[in-house]
Amino acid sequence: MPSKDQAVELELLIKLQDIQAKIREIEKSTNAIPQNIELIQSGLERSKEEIEQTQKLHQSLESQLRSYENEIVDRDEKLKQYQGQLLTVKTNIEYAAMLKQIDSLKRMNEETGEQIFHVEEEMERLRESRAEKETAYKITKEECDAKVKEQRKELDEIQKEIEKLKSQAKTLRAKISPRLLSIFERISRARDGIAVVLANGGICQGCYTSIRPQVFDEIRRGGSIVQCESCSRILFYDVNS
Ligand SMILES: [Zn+2]
């Protein structure tokens, strides 16, 4: 293989390595976005649940109120009945017993009336609280929706950028010989994406092992693909470094 081609391929490998590093870095930065969106949405969901709970509590108080009102209606009917019977009782004892029952029903109605008052107060409090929560929810939802939209837009832009880089990487790969590319990919996978490193100063910048002078000369001449004898990374010499 002519040495000029090797130098070109080495340059292509370095470019490919840079692009792959960039892709990894960008992908890492996007990892947080779906989590952010989920966090925003779950916060909103909690506020919604709180409103629903308030609503449920209000409904249960409403049914309690109806049952109290029914109790009063029932007792009123009984009262009417007893008051009619008062006119027909024959003895004083019967009369006194009837009056006692009427008094007791009236007292119970007063107590129930008191309970209704408290339930209505509580319902009013819940209505106010729910209205406040709904207003707050509406504002929060608008803010959250905007935030989610922003995050999705960001993710979309980043994904486009990644696609662009991947397509550049693909173009580069097509220009590199399959054998060299396969060595590069293997080392890259094993060495955290760093397969090509500087050899300036006679030291492998990947594992900091000294390179034998004979090998270093070969790298400096720049005509061949040389791997570090210690870490297998492909070494190159940068005249500008
Ligand atoms: Zn090395």
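If the condition is being without any contact (Cβ under 8 Å) to a residue 60 or more places away in the chain, within 12 Å of the ligand (Cβ to nearest atom) and under 22 Å from D18 (Cα atoms), then the stretch 226-237 contributes V226, Q227, C228, C231, S232, R233, L235.
In the stretch 82-95, what residues are surrounded by fewer than 11 Cβ atoms within 10 Å (Cβ to Cβ) and of a type outside the set (V, I, T)? Within the stretch 82-95, G84, L87, K90, N92 meet the criteria.
Residues checked against (1) touching a Phe, Trp or Tyr at 6+ places or on another chain (Cβ under 8 Å); (2) surrounded by 13 or more Cβ atoms within 10 Å (Cβ to Cβ); (3) among the β-branched types (V, I, T):
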position: R191; (1), (2), (3): no, yes, no
position: I194; (1), (2), (3): no, yes, yes
position: I203; (1), (2), (3): no, yes, yes
position: S224; (1), (2), (3): no, no, no
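Only residues that are at pLDDT below 95 and either in a helix (DSSP H, G or I) or assigned by TED's automatic domain parsing to the domain that holds R152 (or both) were counted in the stretch 1-23, giving 9. Checking L57, L79, L99, L105 one by one, the residue that is part of a helix (DSSP H, G or I), surrounded by 11 or more Cβ atoms within 10 Å (Cβ to Cβ), under 50 Å from the mean Cα position of the chain (by Cα) and not β-branched (V, I, T) is L57 and no other. Being within 15 Å of the ligand (Cβ to nearest atom), closer than 30 Å to E27 by Cβ, of a type in the set (S, T, Y) and not in a strand (DSSP E or B): is that true of S188 here? Yes: the conditions hold for S188. For E94, state whether it is at pLDDT below 95, farther than 30 Å from I19 by Cα and charged (D, E, K, R). Yes. Taking residues in the stretch 65-86 that are without any contact (Cβ under 8 Å) to a residue 24 or more places away in the chain, and partners anywhere that are among the β-branched types (V, I, T), the pairs with Cβ atoms closer than 9 Å and at least 6 places apart or on different chains are Y82/I102; Q83/I102; L86/I102. Quick one: is Q64 assigned to a helix (DSSP H, G or I) and under 30 Å from R130 (Cβ atoms)? Yes, satisfied.
Does S182 meet the test of being within 16 Å of the ligand (Cβ to nearest atom), in the same structural domain as A7 (by TED's automatic domain parsing) and out of contact with any Asp or Glu (no Cβ under 6 Å at 6 or more places or on another chain)? Full working, then the answer.
Details: within 16 Å of the ligand (Cβ to nearest atom): no; in the same structural domain as A7 (by TED's automatic domain parsing): yes; out of contact with any Asp or Glu (no Cβ under 6 Å at 6 or more places or on another chain): yes.
So S182 does not fit the description; no.
Would you confirm, using the coordinates I've provided, whether I162 is assigned to a helix (DSSP H, G or I), surrounded by 12 or more Cβ atoms within 10 Å (Cβ to Cβ) and away from the ligand (no atom under 16 Å from the Cβ)? Let's see the steps before the verdict.
Details: assigned to a helix (DSSP H, G or I): yes; surrounded by 12 or more Cβ atoms within 10 Å (Cβ to Cβ): yes; away from the ligand (no atom under 16 Å from the Cβ): yes.
The answer is yes for I162.
Of the numbered criteria (1) away from the ligand (no atom under 14 Å from the Cβ); (2) among the small types (G, A, S); (3) over 41 Å from the mean Cα position of the chain (by Cα), the one G193 fails is (3).
Anything in the stretch 197-225 that is touching a residue at least 24 places away in the same chain (Cβ under 8 Å), outside any loop (DSSP other than H, G, I, E, B) and within 11 Å of the ligand (Cβ to nearest atom)? List them, or say none. V197, L198 - these are the residues of the stretch 197-225 that are touching a residue at least 24 places away in the same chain (Cβ under 8 Å), outside any loop (DSSP other than H, G, I, E, B) and within 11 Å of the ligand (Cβ to nearest atom).
The values are calculated or read from the model by the stated rules, or taken from the named source; none is laboratory data. Predicted model, so just to flag it, every value in this text is computed and none were measured. All Cβ positions, even for glycine, are placed from backbone atoms using ideal geometry, and neighbour counts span all protein chains on display.
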